[in-house]
Amino acid sequence: MVVEISEDDVYNRVISSEKNPIYISGLPFVGKTTVIKRIKGNFELIELPKEVKSLDELKKCRQMIEEKVKSGKKVVVEGRNYVIDLMLGKVKPVSEPSLRNPRTKISGNALTYHFDDLKVEKNIKDVVKFLEYSLIVTPTYTTYIPRLFDEAQKIEGLDEVLPIVSRFKQLFTVFPKSNIKGDEAIIYPLVSLFNSPEEMKFCWNKLSDSWKELIYYAIDSHLRLLPGRSKEVVNKYLSRIEEKEVKLSIDLDYTPENLEIVEYLVAQLLNGKRVGIIGSLKSGKTGIAKEVMKYIKGKKDLKIVDYHDENGYKSLRGIYKNLNADIYVLTDDLLDALRDKLRIDIVTISPYRTFIDEKDYTDYVYNVIFESDPNVLKWYSPLLAMKYFPMPVEVSKLVLKYFGRKVEETIDDPILNWFSVIDYIPESIKKAEGAEDVEKYEKRADEILLILINILKEKIITGNLAYNFFKIVGYLLDKYKFSSVEDSPLNNYLINISDKLGIVKPLIKGLIPIIKDYLDDRCSELPQPIMLDPSAFVNVIPEIFNLNLLLTELYPKIIGTIVKSNDVKCVNRALQLIFNYALFNDRRFFVSVEDIIFNKIIQLKNEDLVSSYVTTALLTGYRNLKHIREIQKVIPNARPYTLILLPKETGKSPIEMLSSVLSLNYELNLAIDRSELDKVVNKYSEYKRRLDQLKSVLKKIDDRSAKKVLSTILFNGNLKDLINTLENDYYKFILYVRYASYIGFRAFVEDKWFTDRNMFRSFIQSMLKDSEAIYGYIKNLNELGDEEIKELIMIYQFKLANALLSKNKYEYKGVLEDIIEIEQMPEEIKILASLALGREVNVKSDSPLINIALSVIKGSSNEGLKKIYEEFKDQDYKLLPPDIVEAILVHKMLSGQDISSDIENIAKTLPGVFFIIAHDFIKGDKERYIASLILFYLP
């Protein structure tokens with residue numbers, strides 16, 4: 001199996017991998033050495049030979065590599081896949097070549113380039129020709145070779161060469177098999193491509209050296225020869241024969257981005273595979289199929305089934321009766337509905353996505369599923385009325401029977417399979433001809449759901465299938481389906497063809513409270529739960545994985561133990577196993593049985609059970625506040641645990657204060673994960689208050705109580721360790737707010753889409769609110785570093801922008817006074833603030849902003865502003881810094897030029913809220929305009 005690697009993967013392997021040696025492989029000329037040599041690092045590159053006379057040469061290479069590794073050097077080995085396989089002993093070279101069983105697979109890693117990696121402009125002339133010239137397709141792997149792409153663009157007479165290259169590169173796609181042996185086995189693959197050896201020689205001589213070497217490589221690797229052997233034999237053979245001119249042609253009317261997919265599918269078809277081209281509606285599937293059929297024309301006769309071709313739609317049932325094609329063009333849901341009967345070896349997903357409106361989807365459903373027939377739609381209309389999709393096949397049959405439909409039990413119905421796949425029905429299909437009764441059925445949907453639950457309840461109870469039921473529930477809750485479920489009469493009622501639950505979710509929700517009482521206590525059959533240390537979590541992943549393999553077998557025993565056992569240790573073991581399983585699955589694993597667990601905790605009133613409940617609730621993020629508060633009220637000593645789930649409540653006793661800090665810590669960390677800046681801004685100071693309060697009573701918390709609470713959150717350490725963690729988290733919260741505010745500042749500086757005054761004023765006020773946390777933090781520091789000074793500048797720029805936008809006569813002046821008084825504020829900003837306040841400032845400066853201000857006060861450009869203008873006036877202003885752009889604009893204005901169009905162009909093309917604010921005042925309010933120049937300062 002080949003592992004595709006990109007240029008970035010090569011870089012990461014060379015720089016970061018702990019393996020030594022590191023092998024970087026790929027096809028000839030794909031650019032392995034070039035990529036590696038661009039990487040700066042402390043390693044030695046060893047390039048394996050392209051040709052060898054004996055295997056001993058490669059054995060010596062391997063010994064040399066091993067010696068360098070032993071000496072402590074980091075070694076990167078570059079080589080062709082086949083050469084590396086030979087060196088490592090993965091392939092044994094043959095003494096006599098034979099076409100009986102050619103080697104067709106590439107193994108190891110391979111530097112790979114797909115269409116997007118080439119960064120090709122697909123509209124350039126002849127791009128498809130360049131792509132065809134550089135594309136290699138094997139039965140298991142495809143890549144473009146950049147060197148060949150470049151080579152193609154330099155070839156005169158490419159139109160003559162290209163069909164020759166396409167003919168020879170078939171050896172990568174379909175290598176011939178026969179009983180031929182010896183040197184003839186080397187020559188035959190080449191000659192078999194043409195009408196005569198002489199024609200082959202004529203074409204061979206048209207190939208570039210690069211392509212000749214690629215063909216030698218293909219023959220050597222397929223026949224397991226020593227690299228270079230085919231070159232000797234082929235050249236010797238060619239020297240003995242004459243050449244005969246032949247003209248070949250090729251149709252290259254293909255979509256550039258489709259070419260690789262098309263040729264890959266052709267390779268599969270020529271090797272006897274059936275292929276599926278799968279994708280959403282309007283995703284280009286039929287276009288790809290047409291190009292495949294065009295490319296393969298004359299090479300093999302093929303049959304294609306397309307649900308929607310130029311002749312219109314084909315029905316699902318019609319396709320179902322005709323499953324003997326070579327190519328299937330289907331949507332995802334059709335593929336799933338046919339999966340049990342359809343044999344497809346290779347599935348290709350169409351890479352294109354387009355917007356699908358409801359009309360498109362309705363047309364598709366009406367024509368393909370319901371066969372454009374109102375009678376068919378009418379027959380299945382009860383299913384359209386159900387609220388939940390997908391629906392298992394047997395559930396659909398029950399619904400149809402309930403509404404008087406006669407269902408053939410022994411006949412497979414692909415339409416029922418389709419209902420077991422889809423999770424959405426377009427509303428407009430319910431208004432189509434034939435669906436007149438759907439509204440009437442919809443009013444009874446809840447009633448039908450209860451009937452279905454009762455039917456299944458009776459089936460489970462009378463068939464003694466309670467354990468089967470909970471095994472299926474365990475399987476459904478298994479997110480990755482590591483476990484399996486045995487055949488059962490319930491399977492077709494509770495398991496959809498797709499992995500989605502659909503109607504099964506309310507069915508099992510209604511059945512679990514009833515069927516649980518038919519289980520029994522199986523504590524003795526439960527394994528010990530896996531105790532977790534978060535710092536060493538990776539060590540127990542194999543154990544948890546193995547436990548998940550037993551999920552369907554253990555799940556009914558776990559539930560039975562929770563329901564029927566009154567032994568606290570047994571129940572707690574079951575709860576901890578629920579936690580173990582929740583690690584590998586999503587929250588529904590806990591949610592589905594939370595009510596059962598709650599009732600048992602209320603019954604046994606044990607704090608260890610409360611602790612296990614809280615641990616799992618934390619992990620899954622599920623909070624049943626009613627249950628949590630009931631546990632807190634009914635069970636003694638529950639508050640230290642339940643408070644961990646209630647961040648809005650504060651603790652009274654020292655141990656409760658600990659839980660109160662932990663709950664808010666969890667909430668803020670979660671807020672960061674979800675990028676909820678406002679929550680962090682609003683609550684970080686409350687967190688600090690709770691943390692300080694906890695530190696003041698820390699000595700009053702006994703070790704036993706602390707240990708139990710800390711084990712609930714899986715913290716493996718003492719209180720001192722915890723306080724260090726909590727304090728570090730506080731600084732993390734502050735850092736997050738600082739970072740988010742910086743991102744906001746960059747938007748202030750760089751975003752050109754703030755064209756609405758109210759919108760960007762609202763944005764600035766929001767950033768001011770967010771920056772309050774930073775401001776409070778900075779004010780309490782004894783000394784400010786460079787980062788804090790930058791943040792201080794940003795904060796005051798937000799304050800000033802807000803004041804200027806308010807148009808208040810005095811507000812912006814107060815901000816300017818504050819700026820002047822801050823010792824650490826840069827001198828340039830202080831000077832601008834003083835000038836804006838009308839104060840005398842004797843200064844000479846190269847600063848564009850100060851020269852702008854001085855010139856505006858003077859009423860004409862000073863020498864500094866003139867100098868800036870002369871230096872930059874002819875340059876594209878989109879490439880200049882904002883302060884230079886503003887300097888040029890102001891000089892033009894002070895020289896009497898009309899700058900209205902300049903201001904308009906800047907507003908349209910240049911980012912920065914500061915431009916918009918400054919240009920509000922540039923013509924009429926000197927003081928406010930000079931103040932706005934502070935906004936141009938980039939800290």
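The values are calculated or read from the model by the stated rules, or taken from the named source; none is laboratory data. Source: prediction; values computed, not measured. With ideal geometry, Cβ positions are generated from the backbone for all residues, glycine too; neighbour counts draw on all protein chains shown. Each accessible area value is taken on the protein alone, full model and side chains, heavy atoms only, with ligands, DNA and RNA left out. Shrake-Rupley method; radii C 1.70, N 1.55, O 1.52, S 1.80 Å.
Restricted to region 423-448, and to residues that are touching a Pro at 6+ places or on another chain (Cβ under 6 Å) and surrounded by 14 or more Cβ atoms within 10 Å (Cβ to Cβ), which residue is nearest to Leu383 (Cα to Cα)?
Restricting to residues being touching a Pro at 6+ places or on another chain (Cβ under 6 Å) and surrounded by 14 or more Cβ atoms within 10 Å (Cβ to Cβ), the top hit is Tyr441.
Of the residues Glu96, Glu47, which is of a type in the set (D, E, K, R), touching a helix residue (DSSP H, G or I) at 6+ places or on another chain (Cβ under 9 Å) and free of Cβ contacts under 8 Å to residues at least 60 places away in the same chain?
That would be Glu47, the only listed residue that is of a type in the set (D, E, K, R), touching a helix residue (DSSP H, G or I) at 6+ places or on another chain (Cβ under 9 Å) and free of Cβ contacts under 8 Å to residues at least 60 places away in the same chain.
Check Asp116 against each of (1) touching a helix residue (DSSP H, G or I) at 6+ places or on another chain (Cβ under 9 Å); (2) in a loop (DSSP other than H, G, I, E, B); (3) open to solvent by 20 Å² or more (accessible area, probe 1.4 Å); (4) not aromatic (Phe, Trp, Tyr) and name the one condition it does not meet.
Evaluating Asp116 over (1) touching a helix residue (DSSP H, G or I) at 6+ places or on another chain (Cβ under 9 Å); (2) in a loop (DSSP other than H, G, I, E, B); (3) open to solvent by 20 Å² or more (accessible area, probe 1.4 Å); (4) not aromatic (Phe, Trp, Tyr) leaves (2) as the failure.
Please state which one of Ile461, Ile497, Ile472 is in contact (Cβ under 8 Å) with a residue 40 or more places away in the chain, farther than 27 Å from Ile602 by Cα and assigned to a loop (DSSP other than H, G, I, E, B).
Ile497
Give me the helices (runs of 4 or more DSSP H) completely within region 275-350, filtered to those with at least 2 residues that are more than 21 Å from Ile261 (Cα to Cα) and of a type in the set (Lys, Arg), ordered by residue number.
Because the criterion is at least 2 residues that are more than 21 Å from Ile261 (Cα to Cα) and of a type in the set (Lys, Arg), no helices (runs of 4 or more DSSP H) in region 275-350 meet it.
Conditions (1) open to solvent by less than 20 Å² (accessible area, probe 1.4 Å); (2) within 21 Å of Thr33 (Cα to Cα); (3) modelled with pLDDT of 95 or more; (4) assigned to a helix (DSSP H, G or I), marked per residue:
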{"residue": "Ile124", "(1), (2), (3), (4)": "no, no, no, no"}
{"residue": "Glu132", "(1), (2), (3), (4)": "yes, no, yes, yes"}
{"residue": "Ile136", "(1), (2), (3), (4)": "yes, yes, yes, no"}
{"residue": "Thr143", "(1), (2), (3), (4)": "yes, yes, yes, no"}
{"residue": "Ile164", "(1), (2), (3), (4)": "yes, no, yes, yes"}
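Within region 366-390, how many residues are under 26 Å from Asn322 (Cβ atoms), in contact (Cβ under 8 Å) with a residue 40 or more places away in the chain and of a type outside the set (Gly, Ala, Ser)?
Within region 366-390, residues that are under 26 Å from Asn322 (Cβ atoms), in contact (Cβ under 8 Å) with a residue 40 or more places away in the chain and of a type outside the set (Gly, Ala, Ser) number 13.
For region 825-869, what are the residues that are open to solvent by 20 Å² or more (accessible area, probe 1.4 Å) and touching a residue at least 60 places away in the same chain (Cβ under 8 Å)?
Listed by number, the residues that qualify are Pro826, Glu828, Leu837, Gly838, Ile857.
I need the helices (runs of 4 or more DSSP H) fully contained in region 803-898, keeping only those with at least 1 residues that are touching a Ser or Thr at 6+ places or on another chain (Cβ under 9 Å) and within 30 Å of Leu781 (Cα to Cα).
811-821, 827-836
Considering each residue of region 580-612, count those that are open to solvent by less than 10 Å² (accessible area, probe 1.4 Å) and within 18 Å of Leu643 (Cβ to Cβ), and give that number.
Of the residues in region 580-612, 3 are open to solvent by less than 10 Å² (accessible area, probe 1.4 Å) and within 18 Å of Leu643 (Cβ to Cβ).
Note down all Cβ pairs under 9 Å where the first residue falls in region 681-699 and is within 16 Å of Tyr731 (Cβ to Cβ), the second is among the basic types (Lys, Arg), and they're at least six residues apart or on different chains.
Val681/Lys769
Under the condition of being open to solvent by 10 Å² or more (accessible area, probe 1.4 Å) and not in a helix (DSSP H, G or I), which residue from region 208-227 is farthest from Arg80 (Cα to Cα)?
Result: Ser208.
Within region 666-696, take every residue that is under 36 Å from the mean Cα position of the chain (by Cα) and open to solvent by less than 20 Å² (accessible area, probe 1.4 Å) and give me the one that is modelled with the lowest pLDDT.
Ranking the qualifying residues of region 666-696, first place goes to Val681.
Let me confirm something: among Arg623, Arg629, Arg588, which residue is without any contact (Cβ under 8 Å) to a residue 24 or more places away in the chain and within 23 Å of Ile508 (Cα to Cα)?
None of the other options fit; the residue is Arg623.
Given the criteria open to solvent by less than 20 Å² (accessible area, probe 1.4 Å) and either modelled with pLDDT of 95 or more or not in a helix (DSSP H, G or I) (or both), does Leu398 qualify?
So Leu398 fails the test.
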